[in-house]
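What follows is calculated from the coordinates using simple rules that are stated; it is not laboratory data. Quantities reported herein were computed from a predicted structural model and do not represent experimental measurements. A quick note on method: Cβ atoms are made from the backbone with ideal geometry, for glycine too, and the neighbour counts reach across all protein chains shown.
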Amino acid sequence: MKLGVCYYPEHWPEALWADDASRMAALGISWVRIGEFSWSRIEPEPGQFDWNWLDLAVETLAAAGLKIVMCTPTATPPKWLVEAHPDMLALDASGRPRGFGSRRHYCFSSEAYRVECARITEAVAARYGRHPAVGAWQTDNEFGCHDTTLSYSPNAARGFRTWLAQRYQSVEALNRAWGAVFWSQEYRDFDEVEPPNLTVTEANPSHRLDYNRFASEAVASFNRLQVAIIRRLSPGRDITHNFMGFYTEFDHFALARDLDLASWDSYPLGFLEQFWFSSEEKLRYLRQGHPDISAFHHDLYRGVGRGRWWVMEQQPGPVNWARYNPAPLPGMVRSWTWEAFAHGAEVVCYFRWRQVPFAQEQMHAGLNRPDNVLDQGGLEAGEVAVELAEFGELAPCHRARVALVFSYEADWQFSVQPHAEGFRWLQLAFDMYAALRRLGLDVDIVAPDADFTGYGLVIAPSLPIVETATLAALEASGAVVLFGPRTGSRTRDGHIPQNLPPGPLQARLPVRVSRVESLRPGAGPEVEHSGRTFAGRLWREVLDTDLAPLATFSDGGVAWTSCESWHYLATWPEASLLDLVIARVALEAHLPIEALEEGVRMRRRGDVQFAFNFAPDCRHTPAPAGVRFLIGGPELPPAGLAAWRVASP
């Protein structure tokens, strides 16, 4: 468990570097990330490299005993490169170029840009790949940020046609898969196919789904290009990429197969403000972040990284990019850091060392203020460093008893045809995760092709496309399984199954969806359970089944049913009903549950149990009487945390 920081020596006078490095080390920093936006300084003119400044920065950091995460600078190609290859720019869905002037101004499908990326990666890796202070690498920066995964450029169109030809082999097979006879959309040749933008009305949904698949694979191959060069020139160093929060436009599990570990950029307050949370939640958790935002991503990226993961950027104070940008409650930076370690992080790296007084991010806090005085986040980072030294090492996270199946393709399917405004797969998955956490359960977030052996409970928020292998793995696990609505509603080509949804799931769970409807907020559907009336959200399915209902709609239709420990939901339950559903399946799986006070969350790592308070008022620590606390005590103040030892798992 180490601390790190993001540093930009190119932003500061060289006279500051040595003092910065020594202050980092004194604060308890071990890792420093550099270089991800520095292409114009490394190569100010085509083919003319200036290594002097970066050599000095590396040596200065190394002399202070700091380890370096070196980055490839490909997220910010310089102006001269755009001038030389103007077709490297992505085009948005309206056909407009994503131009120079900020960052991420490139198309993943541009062969010319890939050649340039390979060249700069080779140059940086050849120079620093075997430097003893360079202990890890980061490829690029935040793939897809600012809606840049999907490009509709001529390069992307050519790449898509090649991808389709390899996938379908014949245009006749493509036409069948897409149902292209509809609206007379049949193609005579792959060269006739265009990206699915600029259509008069809705594009063919199978066309759009395949374009998501193609774009996702383009990101993965772009990353793989850099990884291969780094592995050759910098053997023995870990390679990562810093993923983002609530971002699903490419398959992170697939991309991370080429990495040694996953990392992500954690901005709890910014994410709370920018995403779907209610006004009440945004006000209540204004300075703490929603209790499940960070944990959700910690568990996701632990799964993406096959057990190894970092926080590459941790919010240290107000950010600059959300609609509103409050300061964290005093103590929250410390709490967020410990929460990451509780979920298994190897390193928590703060963004950034010092607030920059110019350009786009001058309103974004750092560990230090622009006048080089340690800010609140820096003080709390130093506090964590002291606590880590006293705490010692922790065992790796144990395998949880609960798995949540996370499918990027499911999110694409919902996005292509949501059928209800606001029906987001990602939000449904988050709601189910939060319900598990409110019961004090640890969760592993896994891919649909995971091995489910050893899990007592598996939650599949929705799997529109159900693979035979997934069903077989679930069956072999013996776990209690809960499927959410719209599971099995599409074939791999994006069609409604011939035997109706839930398609292949019917062999194990005899229900058939004969009709679906989406309903505006406030229109129901109402759900009856245990003599109480609850609300469903947005969606209602009509189930034909002889199975007994566990909950019904107000007209008597089946809203929730089960067969031999496999459960199916025909709606998206409101939080209070979802809590009852999750509690029922957890108890069926013989899992110990504990209804936590509002705002309190727990996570166990090895033989240490952690508790965190995200509420704006005091809470009680959910610890047995008489335990010896390693951190904190029986009371959890706002932004407070506690830790105590429990029996080994």
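For segment 232-248, what does the Karplus curve 6.51 cos²θ - 1.76 cosθ + 1.60, with θ = phi - 60°, yield as ³J(HN,Hα) per residue in whole Hz, taken in order and with x for Gly and Pro?
5, 9, 9, x, x, 9, 5, 10, 9, 9, 8, 6, 10, x, 6, 10, 9
What are the principal axis extents of the Cα atoms in segment 503-649, in Å, biggest first?
So the three principal-axis extents are 56, 34, 26 Å.
Run the Debye formula on the Cα coordinates of segment 78-214, all scatterers equal and no solvent, and tell me log10 I(q)/I(0) at q = 0.09, 0.19 1/Å.
-0.36, -1.11
At a 10 angstrom cut-off on C-beta neighbours, averaged per residue, how do the peptides 148-161, 85-98 rank from highest to lowest? Before the final figure, lay out each step's value.
Numbers: 148-161: 21.0, 85-98: 16.2.
Answer by packing, highest mean first, reads 148-161, 85-98.
Return the sequence-ordered ³J(HN,Hα) values of segment 82-98 in whole Hz as given by the Karplus equation 6.51 cos²θ - 1.76 cosθ + 1.60 applied to θ = phi - 60°, using x for Gly and Pro.
5, 5, 6, 9, x, 6, 6, 6, 6, 10, 7, 5, 8, x, 9, x, 8
Go through segment 155-169 residue by residue and turn each phi into a ³J(HN,Hα) via Karplus (6.51, -1.76, 1.60, θ = phi - 60°); whole Hz please, and just put x for glycine and proline.
Coupling constants for segment 155-169: 4, 5, 4, 5, x, 5, 4, 4, 4, 5, 4, 6, 6, 9, 6 Hz.
Just to be sure I understand: of the beta bridges DSSP finds with both ends in the chain, what percent are antiparallel, rounded to 5? Please list the in-between numbers first.
Values: 39 of 82 bridges.
Bridges in the chain are about 50 percent antiparallel.
Using a ≥ b ≥ c from the Cα gyration tensor of segment 482-574 (square roots of the eigenvalues), is it rounded, prolate or oblate, where a/c under 1.5 gives rounded and otherwise the larger of a/b and b/c decides, a/b for prolate?
Details: a/c = 2.20, a/b = 1.35, b/c = 1.63.
Oblate is the answer for segment 482-574, as a/c is 1.5 or above yet b/c matches or exceeds a/b.
Indicate the gyration tensor shape class of segment 358-419 (rounded, prolate or oblate), computed on the Cα atoms with a ≥ b ≥ c the square roots of the eigenvalues: a/c under 1.5 is rounded; otherwise a/b larger than b/c is prolate and the rest oblate. The partial results should precede the final answer.
Details: a/c = 5.69, a/b = 1.36, b/c = 4.17.
Oblate, because a/c is 1.5 or more while a/b does not exceed b/c.
Label segment 402-588 by shape, choosing from rounded, prolate and oblate, from the square roots a ≥ b ≥ c of the eigenvalues of the Cα gyration tensor; if a/c is under 1.5 it is rounded, and otherwise prolate applies when a/b is larger than b/c, oblate when it is not. Don't skip to the answer; put the middle values down first.
Values: a/c = 1.29, a/b = 1.10, b/c = 1.17.
Rounded, since a/c falls under 1.5.
According to the Cα gyration tensor, what semi-axes, each the square root of 5 times an eigenvalue, does the equivalent ellipsoid of segment 600-645 have, listed from largest to smallest in whole Å? Before the final figure, lay out each step's value.
Numbers: eigenvalues 56, 25, 11 Å².
The answer is 17, 11, 8 Å, longest axis first.
Suppose only helical runs count, i.e. DSSP H with n ≥ 4. What mean residue ellipticity at 222 nm does that imply for the chain under -39500 (n - 2.57) per run, divided by all residues and rounded to the nearest 500 deg cm²/dmol?
Details: 18 runs with 210 residues, N = 649.
That calculation yields -10000 deg cm²/dmol at 222 nm.
Taking 0.36 nm per residue of separation and subtracting the Cα-Cα distance, what length does fully extending SER278 through MET363 add? Don't skip to the end; give the middle numbers.
Numbers: separation 85, 0.36 × 85 = 30.60 nm, distance 2.55 nm.
So the chain would gain 28.0 nm between SER278 and MET363.
What lysines sit close enough to LYS67 to cross-link, taking a C-alpha to C-alpha distance under 18 Å and skipping anything fewer than 8 places away on the same chain?
Correct list for LYS67: LYS2.
With label points built 7 Å along Cα→Cβ from the Cα atoms of ASP260 and ARG224, find their separation and express it in nm.
In this crude label model, ASP260 to ARG224 measures out at 2.1 nm.
Treating segment 176-239 as a set of equal point scatterers at the Cα positions, no solvent, please give the Debye-formula log₁₀ I(q)/I(0) at q = 0.12, 0.13, 0.14, 0.26 Å⁻¹.
For segment 176-239 at q = 0.12, 0.13, 0.14, 0.26 Å⁻¹, log10 I(q)/I(0) is -0.49, -0.53, -0.57, -1.16.
Reported to two decimal places, what Rg/Rh ratio describes segment 271-402 when computed on Cα atoms with Rh from the Kirkwood expression? Please list the in-between numbers first.
Working: Rg = 15.5 Å, Rh = 15.8 Å.
Ratio of gyration radius to Kirkwood radius: 0.98.
On the Cα set of the chain, report Rg and Dmax in Å, please.
25.3, 77
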